[in-house]
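The values are calculated or read from the model by the stated rules, or taken from the named source; none is laboratory data. Just so it is clear, the model here is predicted, and its values are computed rather than measured. Cβ sites come from the backbone with ideal geometry, for glycine too, and all protein chains shown count toward neighbours.
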Amino acid sequence: MNQQVTNQQLANNGSTLNDSFPVTVTVTGAAGQIGYSLLFRLATGEVFGQRKVNLRLLETEEGAKVAKGVAMELADCAFPLLGEVTISTDPAEGFKGANAAFLVGAKPRQKGEERSDLLQANGKIFAPQGKAIGEVAADDIRVLVVGNPANTNAAIVAAHAQGVAPKQITALTRLDHNRALAQVAEKLDVAVTDLTNMTVWGNHSATQFPDVTELKVKGEPAEDKLDDQWVNDEFIPRVAKRGAEIIEVRGRSSAASAASAACDHMRTWINGTAENDWVSVALPSDGSYGVPEGLVSSFPCRSVDGQWEIVQGLELSDDQRDRINNSVAELQEELDAVKSAGLV
Ligand code: NAX
């Protein structure tokens with residue numbers, strides 16, 4: 001394997017530049033909207049700490065030309081921590097030695113296209129990328145799929161990344177988690193940092209279940225402070241449909257907030273969750289909470305010693321179970337569609 005960086009070394013977030021352990025980070029869809037925000041944040045050291053960051057930008061032939069311009073701008077920033085920046089259109093090159101990979105590039109849904117068409121088109125992108133990750137990435141690769149449909153794309157990657165443990169492959173629901181925190185903070189007129197134990201369950205789609213059952217405000221249960229009508233009729237649909245709301249107002253889909261959430265996800269994964277808190281992570285189910293094994297579903301997770309662990313032992317009401325099952329049913333349908341297309 002190419003670059004061996006242990007969790008301990010990655011977690012070394014001290015102020016001294018650690019030149020001996022550069023981190024190699026692959027970003028697909030690097031020429032897109034999210035890439036344009038994400039790459040610059042990765043190069044500042046805010047995710048991987050005080051070590052050189054080598055960036056591998058993986059794009060389509062067309063996107064590679066734009067990525068070249070982005071690489072020129074990265075150079076113009078004179079980031080002290082930025083190492084080598086390479087651009088490639090071949091996954092076998094783009095994932096070589098990668099310790100972390102942000103899989104952002106995906107095919108957007110075209111007018112008149114069915115969801116199954118979208119799943120299949122993306123399967124053709126994520127299957128070879130998964131294969132390449134298994135073959136050429138570093139052993140400790142951490143994969144975060146952002147490109148939609150993110151959960152099922154991550155399931156495709158997991159199916160093709162030989163030798164990579166399922167726990168190393170995740171999909172982004174941290175943006176939904178952050179959106180949920182922001183909505184409650186505004187409602188209760190508190191800081192987002194006063195809130196802990198928020199959970200988003202299920203799919204990164206309108207069926208997701210942003211769940212405030214375990215939510216605490218300054219360590220106290222939030223239950224008494226939030227009325228059911230607001231939670232059910234405003235909060236849950238608003239968080240679940242926030243992406244559409246942003247498109248309506250901004251005219252383009254969420255980009256900087258998605259990049260920010262992707263940075264949060266990777267930073268928490270490396271450095272660990274705060275004591276008594278958790279975050280929402282979509283990862284291949286181990287059967288927890290009745291979610292069928294292999295479906296990439298969002299759960300409350302803690303990062304312990306650099307590995308995600310699903311928080312166990314939460315008591316679920318019938319209403320919670322129904323909402324989780326509804327989103328999981330959609331994930332199962334998505335997985336069945338890519339299975340019948342021979343992509344998994
Ligand atoms: P853009 O259309 O701006 O950029 C996508 C980029 O991916 C393009 O530059 C394109 O050339 C590239 N690309 C396409 N196929 C590729 C391939 N096979 N290999 C490498 N690169 C490839 O989209 P952007 O706004 O950046 O969004 C990217 C993805 O994130 C979309 O699928 C979007 O739906 C998804 N999102 C996911 C979110 C999440 O929370 N999971 C939230 C934000 C966003 O909607």
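Descriptive notes on the structure:
- Check on THR213, at negative phi, in contact with an Asp or Glu (Cβ under 9 Å, 6 or more places away or on another chain) and of a type in the set (Ser, Thr, Tyr): yes
- Complete set of residues in region 43-52 that are surrounded by fewer than 18 Cβ atoms within 10 Å (Cβ to Cβ) and either within 11 Å of the ligand (Cβ to nearest atom) or without any contact (Cβ under 8 Å) to a residue 60 or more places away in the chain (or both): THR44, GLN50
- Residue pairs meeting the criteria (Cβ under 7 Å; at least 6 apart or on separate chains; first on the phi > 0 side of the Ramachandran plot, in region 21-42; second buried (at least 24 other Cβ atoms within 10 Å of the Cβ) and among the small types (Gly, Ala, Ser)): GLY29/GLY35; GLY29/GLY105; GLY29/GLY147
- If the condition is being crowded, with 23+ Cβ neighbours inside 10 Å and either at positive phi or within 16 Å of the ligand (Cβ to nearest atom) (or both), then region 182-198 contributes only MET198.
- Boolean, GLN229 is surrounded by fewer than 16 Cβ atoms within 10 Å (Cβ to Cβ) and in contact (Cβ under 8 Å) with a residue 12 or more places away in the chain: no
Table: residues versus (1) more than 9 Å from the ligand (Cβ to nearest atom); (2) part of a loop (DSSP other than H, G, I, E, B); (3) under 16 Å from the mean Cα position of the chain (by Cα); (4) hydroxyl-bearing (Ser, Thr, Tyr).
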{"site": "ALA67", "(1), (2), (3), (4)": "no, no, no, no"}
{"site": "ILE87", "(1), (2), (3), (4)": "yes, no, no, no"}
{"site": "ALA98", "(1), (2), (3), (4)": "yes, yes, no, no"}
{"site": "ALA106", "(1), (2), (3), (4)": "no, yes, yes, no"}
{"site": "GLN110", "(1), (2), (3), (4)": "yes, yes, no, no"}
{"site": "ASP140", "(1), (2), (3), (4)": "yes, yes, no, no"}
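- Considering residues of region 15-30 that are away from the ligand (no atom under 16 Å from the Cβ), not hydroxyl-bearing (Ser, Thr, Tyr) and not in a strand (DSSP E or B) only, the residue modelled with the highest pLDDT: PRO22
- Looking across region 50-65, the residues that are assigned to a helix (DSSP H, G or I) and of a type outside the set (A, V, I, L, M) come down to GLU61, GLU62, GLY63, LYS65.
- Count of residues meeting criterion [closer than 16 Å to PRO128 by Cα and among the basic types (Lys, Arg)] in region 87-111: 2
- Search result, residues across region 206-234 that are closer than 24 Å to VAL146 by Cβ and more than 16 Å from the ligand (Cβ to nearest atom): ASP211
- Apart from one condition, TRP269 fits all of (1) within 15 Å of the chain's Cα centre (by Cα); (2) within 16 Å of GLN208 (Cα to Cα); (3) not polar (S, T, N, Q); the exception is (2).
- A search for C-beta distances below 9 Å between a residue of region 53-70 that is farther than 12 Å from LEU82 by Cβ and any residue that is charged (D, E, K, R) and crowded, with 19+ Cβ neighbours inside 10 Å, counting only pairs 6+ apart in sequence or on different chains, returns ARG56/LYS96; LYS65/GLU59; VAL66/GLU59; ALA67/GLU59.
- Every residue from region 241-258 that is without any contact (Cβ under 8 Å) to a residue 40 or more places away in the chain and within 12 Å of the ligand (Cβ to nearest atom): GLY243, ALA244, ILE246, ILE247, ARG250
- Scanning region 142-170 for residues that are in contact with a Pro (Cβ under 9 Å, 6 or more places away or on another chain), farther than 25 Å from ASP305 by Cα and not in a loop (DSSP other than H, G, I, E, B) yields one hit, HIS160.
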